[in-house]
1. Being more than 30 Å from Gly223 (Cα to Cα) and in contact with a Phe, Trp or Tyr (Cβ under 7 Å, 6 or more places away or on another chain) narrows it down to one of Leu73, Leu64, Leu84, Leu60, so name that one.
2. Take the stretch 7-34 and flag every residue that is open to solvent by 90 Å² or more (accessible area, probe 1.4 Å), over 26 Å from the mean Cα position of the chain (by Cα) and at pLDDT 70 or above.
3. State which residue is least open to solvent (accessible area, probe 1.4 Å) when the search covers only the stretch 48-72 and only residues that are under 20 Å from Leu84 (Cβ atoms) and either small (Gly, Ala, Ser) or free of Cβ contacts under 8 Å to residues at least 12 places away in the same chain (or both).
4. Inside the stretch 108-130, can you point out the residues that are open to solvent by 70 Å² or more (accessible area, probe 1.4 Å) and among the charged types (D, E, K, R)?
5. Quick one: count up the residues across the stretch 35-47 that are open to solvent by 90 Å² or more (accessible area, probe 1.4 Å), more than 14 Å from Val69 (Cβ to Cβ) and either part of a helix (DSSP H, G or I) or in contact with a helix residue (DSSP H, G or I) (Cβ under 9 Å, 6 or more places away or on another chain) (or both).
6. Taking the stretch 203-225 on its own, how many of its residues are touching a residue at least 40 places away in the same chain (Cβ under 8 Å) and either touching a Phe, Trp or Tyr at 6+ places or on another chain (Cβ under 8 Å) or of a type in the set (Val, Ile, Thr) (or both)?
7. How many residues are touching a Lys or Arg at 6+ places or on another chain (Cβ under 8 Å) and over 21 Å from Arg227 (Cα atoms) when one looks only at the stretch 133-173?
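The values are calculated or read from the model by the stated rules, or taken from the named source; none is laboratory data. Computed from a predicted model, the values in this text were never measured in an experiment. Because the Cβ atoms are built from the backbone with ideal geometry, glycine has one as well, and the counts that use them run over all protein chains shown. When the accessible area is computed, the model is the full protein with side chains, heavy atoms only, and any ligands, DNA or RNA have been set aside. Shrake-Rupley method; radii C 1.70, N 1.55, O 1.52, S 1.80 Å.
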Amino acid sequence: MNRRAKRNDESKPAYTSLVPAVEQASRILLCLAQDPSVRLTLTDICKRVGIHKSKGYSILNTLLHFGFVQRDLQSKTYALGTGLLFLSSQVLKNLDLHRAAEPFLQTLSVRTKSTAFLAKMEGKYVYVIAKDEGNQDIGVFITMGHRFPVTWGAHGKAIAAFASDSEREAILGQEKLYFYGDPSVFDANRLEDELVMCRENGYAVDLGEMHTGIRAVAAPVFGPEARLIGSLVVMGTFPNELLATHGFLAAQTARDFSRSIGGVPYEPR
């Protein structure tokens, strides 16, 4: 019985989480990137990557569709496409923001004895692109790249409060709103009051409704031309009595950081 089970297990292919077509497309791009000055034919590419020509042709056509490769019609050779410029520019943009935010987040995390992070807006979500957890013994730890809904807690309120009219309409028009955790407890009147208060003070708060015992304050971050790009967040186990102190620190730091990246920050009246 056991020997039969073992033979059956051995007959199964080894599990891999890689998607073959995506892996092959990635290898084709890396192949073309090895020497950008040399243009390769379909035969050259397939030989170097180790795939059948029909498969290589299909993948290259797909990459052509998105502009990730380009094809010379006369020589029938391939090279990397300009569509990759957009992707690389977005990566560099986030890396630049990460480096620029580091000293501000470090100072903020030390002064508040909490975790400070920069959340960047991308459609219906924000992503943690920079963070500093300070030297706290007990606190909140968050991973780089963590994704939140754009309406989540304090950072969602800060974004909604300072977004343009069209952006705010799109945010509040989503099917599920997570300002107070579970969408079923969303309160439109309460939110409107908090957004008004956020504009007056320059920061929004979460009283532990997203995670019990975890409080947060968030302030908007602006890029050039006063464009809202995300929020700076302080999150920790601090008591309610420190919400205002941490909130004003976060708001001032967010304004200073916005100026440092060429932004035009919101100045409370």
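1. Values: Leu73 fails: in contact with a Phe, Trp or Tyr (Cβ under 7 Å, 6 or more places away or on another chain); Leu64 fails: in contact with a Phe, Trp or Tyr (Cβ under 7 Å, 6 or more places away or on another chain); Leu84 fails: more than 30 Å from Gly223 (Cα to Cα).
Only one candidate passes the filter, namely Leu60.
2. Passing the criteria: only Gln34.
3. Among those residues, the one meeting the criterion is Gly56.
4. Arg111, Lys113, Glu122, Lys124
5. Total satisfying the criteria: 1.
6. 11
7. 5
Per-residue answers, yes or no, for (1) of a type in the set (A, V, I, L, M); (2) over 19 Å from Gly263 (Cβ atoms):
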residue	(1), (2)
Ser164	no, no
Glu167	no, no
Phe179	no, yes
Ala188	yes, yes
Gly202	no, no
